[in-house]
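The values are calculated or read from the model by the stated rules, or taken from the named source; none is laboratory data. As the structure is a prediction and not an experimental result, all values here were calculated from the model. Note: ideal-geometry Cβ built from the backbone for every residue, glycine included; neighbour counts use all protein chains shown. Side chains included, ligands, DNA and RNA excluded: accessible areas come from the protein's heavy atoms. Shrake-Rupley method; radii C 1.70, N 1.55, O 1.52, S 1.80 Å.
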Amino acid sequence: MSVPPAAVAWRLGLFGALWFILCGGELGSWPFGLPTVVLATWVDLQLAGNGQTRALRPLILMRILPFFFWKSILGALDVMARVLKPRLPIDPGLVEFPLTIPPGGGRILLANCITLLPGTISARLADDRIIVHTLDKGLPVVAKIQDLEGRIASLYGPCPAKETGRGLP
Amino acid sequence: MYVGQGGLIMTEVVGMVFIIIGIPFFLSGTIGLLRLPDIYTRLHALTKADNVGLGFVILGLAIQATSWLEVAKLFLIWFLVLVASATSCHLVADAALRRNIKPWTKE
């Protein structure tokens, strides 16, 4: 299986930048850093199936990052408002959501983002569904996850041929 | 307050304001841990409130930082804590479901 050069290049760049940040630009750290960066790139490529997986689109990621930050702050304010009220206004429960996003990194990202969203945490990711715990069953949980799923799906490039025809709406 | 040789430095003050904004988030996370009724609802308080609290503290420290490398390191810490806390929240909730721990419900 051939590895796309771009998949190698951006990993080398990313891990190199990480090493640079961690070691504060110390020149003497590179005799250890360079082999580490190469090793990390190799391991990551092994885990990512030799760069054959769908890549994140960095520009779209930048565009929707403010949305995640804003939702995260709203989520924290929501918790704060509930726990500080003497009556403790919560009505928790489990909600099941059928996933349309294909398996892989997108699903894991979705699960982690659900945890940041106001009122929901992801409790189980299995088969083609996700079980979400909500602080308030009165919230439009399903609609909010659908919206989030669409945004996360847009982060990834088009589906490879083998993943199409999964019954996407 | 930091009153160095140059007097009161603007970035120190602005940074401190952000750090102080972060404190109520940590506090409400802890109040949630104490007041909420079960493992699932407590996870809500800990993950959401503490992440944002840490975000404001990091932002405040980044404003006070003296080099860009320091800023990059601070945001790297924030990112790693964010991913680790969302992931461990999911794993704790998943483990609780596997043990058939029933979520607390109203009535």
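Candidates A:L27, A:L12, A:L34, A:L59: the one that is within 30 Å of A:G150 (Cβ to Cβ) and of a type outside the set (S, T, N, Q) is A:L59. Just one residue in the set B:L76, B:L69, B:L27, B:L82 is at negative phi, crowded, with 17+ Cβ neighbours inside 10 Å and among the aliphatic types (A, V, I, L, M); that residue is B:L82. For the stretch A:17-29, a tally of residues being surrounded by fewer than 16 Cβ atoms within 10 Å (Cβ to Cβ), more than 11 Å from every other protein chain (Cβ to nearest Cβ) and not small (G, A, S) returns 1. Report yes if B:K48 is charged (D, E, K, R), open to solvent by 50 Å² or more (accessible area, probe 1.4 Å) and in contact with a Leu (Cβ under 8 Å, 6 or more places away or on another chain), otherwise no. No, not satisfied.
One residue stands out among those in the stretch A:106-160 that are among the small types (G, A, S), without any contact (Cβ under 8 Å) to a residue 60 or more places away in the chain and away from chain B (no Cβ under 14 Å): the one that is farthest from B:L80 (Cα to Cα), which is A:A143. The single residue among B:L61, B:L80 that is free of Cβ contacts under 8 Å to residues at least 12 places away in the same chain and of a type in the set (A, V, I, L, M) turns out to be B:L80.
Each residue in the stretch B:87-107 was checked for being open to solvent by 70 Å² or more (accessible area, probe 1.4 Å) and hydroxyl-bearing (S, T, Y), and 0 of them qualify.
The rows are residues; the columns are (1) free of Cβ contacts under 8 Å to residues at least 12 places away in the same chain; (2) more than 26 Å from A:R124 (Cα to Cα); (3) among the acidic types (D, E); (4) at the interface with chain A (Cβ under 7 Å from one of its Cβ atoms).
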position	(1), (2), (3), (4)
B:I19	no, yes, no, no
B:G22	no, yes, no, no
B:F25	no, yes, no, yes
B:L33	no, no, no, no
B:I39	no, no, no, no
B:R42	yes, no, no, no
B:T47	no, no, no, yes
B:N51	no, no, no, yes
B:G55	no, yes, no, no
